[in-house]
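The values are calculated or read from the model by the stated rules, or taken from the named source; none is laboratory data. Model, not experiment: these values are computed from the prediction. In this analysis, Cβ positions are derived from the backbone assuming ideal geometry, glycine residues included, and neighbour counts consider all displayed protein chains. These area figures cover heavy atoms from the full protein model, side chains too; ligands, DNA and RNA do not enter into them. Shrake-Rupley method; radii C 1.70, N 1.55, O 1.52, S 1.80 Å.
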Amino acid sequence: MSRNRLSIMGTRHVVSAGHYLAAHAGFQVLEAGGNAIDAGVAAGIAIGVLQTDKVNFAGVAPQIVYTAKNRKVTSIDGLGVWPKAITPDYFEKRHGGRIPPGVERCVVPAAPDAWLTALEHFGTMSFGDVAASAIRFAREGFPMHPMMAAFIRKNEANYRRWPGSRKVFLPKGRAPEVGEVFRQPDLAKTLQYMADEEKRAARRKGRRAGLGAARDAFYKGDIARAVTKYIEKEGGPMRFEDFAQYRVRFEPTVRSRFEDIELHACGPWSQGPVLPMALNILKGCNLKAMGHNSPQYVHVVTEALKLAYADRHHHFGDPRFVKIPMKGLLSERYAQHRRSLISLEKAWAGMPPAGDPDTLARIEQRCVPAPQPDEAPGPGDTSYLCVIDGEGNAFSCTPSDGSDKTPIIPGVGILCSGRGTQSWSDSSHPSSVAPGKRPRLTPNPAMAFRHGRVHMPFGTPGGDVQCQAMLQVFLNINVFGMPAQAAVEAPRFAGYSFPGSFEPHPYYPGRLHMEKSLYEDFGEELRDMGHKVYEWDEGTWLAGAVCTIVNDHENGVLHGGADPRRPAYVLGW
């Protein structure tokens, strides 16, 4: 990985996104007078074209939005629900407890409604305006980039399973090569159809009606009919009524304080609270004295994360279906107790017990799969983007949904969100399958504030690595004083000592991956402490790809950081 990119700074507005053309799409909107929300939606929709191997327009798009005028933080879940026809024992009866690839794991697509809801409530521009770049990238194509080409080549057999997927991802009967122009004409037609329906309605009844018409085109029109007709034919439970009745939800963020910083994360319908929970444990440790990425530092951060992930496994799920003691889990008393469970000399051999924040009693874990053999954990999909504009508005979003295990719907160029892979077929798990229930989502954007003003939106792709990479970058900036770009480029580590979020929820007790430079410096020392240490290539995309913008209010300068582990870039003015 090429390190030491120049730090991109701006005084007017900055966008950082998981693909360089998406950053450009967002920046164009800012230059045209759009705000951070308009630009963020433009970049997010573009990512669903440019990184369509890992993000889909009909996937998920959880967001955190800050509006400077009323100083309000809002979270849009951007996460679909299981169809009404699903039953808690659906996968036990049909597949022996597995949630197989294909249409049966589909939940209602949430991203289109999330983009339109953000525009309606916080934006200023039309869907057609912000989707213009994405439509062009889909219709005219873009140069295939190395990471996407490698992913399609590696998963070619999966893409060959479905005609729609073959057409999109193997257009010449093979995986596209780097530098070939990659087109998605059916996706372009879908996006253009929504924009055209918006334009007709807006001409008669105004902007809000236009956005509603774009939404209806997807959820109540030809797109919904095409998707649900295909799923029914393939034997899946999704129906047109599931689309027609769906709406995204406004959700409260969860918050914690770290010195003079207030951190906002997504709620326990996602893995978002892992980040503030781990931070609460660590703020009682003298991290600076340990030294950045020292053996002691890596050990303590890893152990704090293990404890937070243990509580994720036991407690987290859709709060409309399960009771979650979120206030207690985020309390100082509970953090102090969990901190006391960390040994400075010895690692937990596997996932620690969960905790009861009221009694502080240990809770025996349930639904723990058998440990996996000695093979590498699978990567997570996803991308990320963030924007800060000249008025102080901020947008943080982690769009997602991989394309290799859910079919592209013929004729419309999209998949139906396969995020059901993050549910559990066991009804005793808090994130079990149920009609109308949301899976426990890995994508989780965050936003930090200092003295009541935006300090840094940040996030990353990476599945279960997300909170780990985000935590390390947050500490790099706010404990060790690193500039934004240096903070995202610094070597990283990640553990897997908990059941994974993706079906079949693999469990690797004690496993700790470290990028090559860290592994060579003190891998053996950590192994002596009880960690099962494995080497990652330096700069591997498996370590996440954090993007952030750090707001220097004193000088009026925005500092962008974009991770070179993936094709992420910053643009600013």
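Quick notes
- Yes/no for LYS189 being among the basic types (Lys, Arg) and either in contact with a strand residue (DSSP E or B) (Cβ under 9 Å, 6 or more places away or on another chain) or under 29 Å from PRO379 (Cβ atoms) (or both): no
- Residue within segment 283-297 that is hydroxyl-bearing (Ser, Thr, Tyr), open to solvent by less than 10 Å² (accessible area, probe 1.4 Å) and either on the phi < 0 side of the Ramachandran plot or at pLDDT 95 or above (or both) present: yes
- Filter result (surrounded by 18 or more Cβ atoms within 10 Å (Cβ to Cβ) and under 22 Å from the mean Cα position of the chain (by Cα)) within segment 148-160: MET148, ALA149, PHE151, ILE152, ASN155
- Contact annotation: no residue pair with Cβ atoms under 6 Å, 6 or more positions apart or on different chains, pairs a residue in segment 105-124 that is at positive phi with a partner that is small (Gly, Ala, Ser) and open to solvent by 10 Å² or more (accessible area, probe 1.4 Å).
- Subset of segment 334-360 that is closer than 22 Å to PRO276 by Cβ and of a type in the set (A, V, I, L, M) - its residue that is most open to solvent (accessible area, probe 1.4 Å): LEU360
- Those residues of segment 216-252 which are among the acidic types (Asp, Glu) and assigned to a helix (DSSP H, G or I), in sequence order: ASP216, ASP222, GLU232, GLU241, ASP242
- Test: residue in segment 44-63 that is aliphatic (A, V, I, L, M), in contact (Cβ under 8 Å) with a residue 60 or more places away in the chain and farther than 30 Å from ALA175 by Cα: no
One line per residue, one yes/no per condition, for (1) within 20 Å of the chain's Cα centre (by Cα); (2) open to solvent by 10 Å² or more (accessible area, probe 1.4 Å):
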{"site": "MET238", "(1), (2)": "no, no"}
{"site": "LEU279", "(1), (2)": "yes, no"}
{"site": "ALA304", "(1), (2)": "no, no"}
{"site": "LYS323", "(1), (2)": "no, yes"}
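- In segment 461-573, counting only helices (runs of 4 or more DSSP H) that sit wholly within it, the ones holding 1 or more residues that are among the small types (Gly, Ala, Ser) and within 18 Å of the chain's Cα centre (by Cα) span 466-478.
- Residues located in segment 551-565, provided they are under 20 Å from PRO491 (Cβ atoms) and buried (at least 24 other Cβ atoms within 10 Å of the Cβ): GLY561, ALA562, ASP563, ARG565
Residue-by-condition table, conditions (1) at pLDDT 95 or above; (2) open to solvent by less than 10 Å² (accessible area, probe 1.4 Å); (3) of a type in the set (A, V, I, L, M, F, W, C); (4) closer than 20 Å to LEU116 by Cβ:
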residue	(1), (2), (3), (4)
GLN372	no, no, no, no
PRO379	no, no, no, no
SER383	yes, yes, no, yes
ILE388	yes, yes, yes, no
ASP401	yes, yes, no, yes
ILE409	yes, yes, yes, yes
CYS416	yes, yes, yes, yes
GLY436	yes, no, no, no
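- Entry remark, segment 21-53: residues being within 18 Å of the chain's Cα centre (by Cα) and open to solvent by 10 Å² or more (accessible area, probe 1.4 Å) number 1 in total.
- Take the conditions (1) at pLDDT 95 or above; (2) closer than 30 Å to GLY523 by Cβ; ALA265 misses just one of them, which is (2).
- Pair list, Cβ under 8 Å, 6 or more apart: segment 412-425 residue closer than 16 Å to CYS367 by Cα, other residue assigned to a helix (DSSP H, G or I): THR421/ARG105; SER425/TYR90; SER425/PHE91; SER425/GLU92; SER425/HIS95
- Of all residues in segment 128-151, those satisfying the criterion of being part of a helix (DSSP H, G or I), of a type in the set (A, V, I, L, M, F, W, C) and either more than 24 Å from ALA394 (Cα to Cα) or touching a Gly at 6+ places or on another chain (Cβ under 6 Å) (or both) are ILE135, PHE137, ALA138, MET147, MET148, ALA149, ALA150, PHE151.
- Residue match in segment 422-434 (condition: buried (at least 24 other Cβ atoms within 10 Å of the Cβ), charged (D, E, K, R) and in contact with a Lys or Arg (Cβ under 9 Å, 6 or more places away or on another chain)): no
- Among the residues of segment 515-539, the one identified as touching a Gly at 6+ places or on another chain (Cβ under 9 Å), surrounded by 21 or more Cβ atoms within 10 Å (Cβ to Cβ) and more than 23 Å from HIS313 (Cβ to Cβ) is GLU515.
- Check on ASP38, closer than 13 Å to CYS397 by Cα and among the acidic types (Asp, Glu): yes
- Filter pass, GLY572 being closer than 17 Å to ARG450 by Cβ and open to solvent by less than 30 Å² (accessible area, probe 1.4 Å): no
- Which numbered condition MET125 fails, given (1) touching a Gly at 6+ places or on another chain (Cβ under 7 Å); (2) open to solvent by 30 Å² or more (accessible area, probe 1.4 Å); (3) under 30 Å from SER431 (Cβ atoms): (3)
- Answer residue from segment 170-215, given it is assigned to a loop (DSSP other than H, G, I, E, B) and within 25 Å of ALA114 (Cβ to Cβ) and is nearest to the chain's Cα centre (by Cα) among those: GLN184
- SER396 being open to solvent by less than 10 Å² (accessible area, probe 1.4 Å), closer than 21 Å to PRO567 by Cα, part of a loop (DSSP other than H, G, I, E, B) and touching a strand residue (DSSP E or B) at 6+ places or on another chain (Cβ under 9 Å): no
- Of all residues in segment 74-92, none that is at negative phi and open to solvent by 10 Å² or more (accessible area, probe 1.4 Å) has its Cβ atom under 6 Å from the Cβ atom of a residue that is of a type in the set (Asp, Glu) and at pLDDT below 95, 6 or more apart or on another chain.
- Residue in segment 399-422 that is nearest to ILE37 (Cα to Cα), counting only those that are under 16 Å from the mean Cα position of the chain (by Cα) and either part of a loop (DSSP other than H, G, I, E, B) or of a type in the set (Asp, Glu) (or both): PRO399
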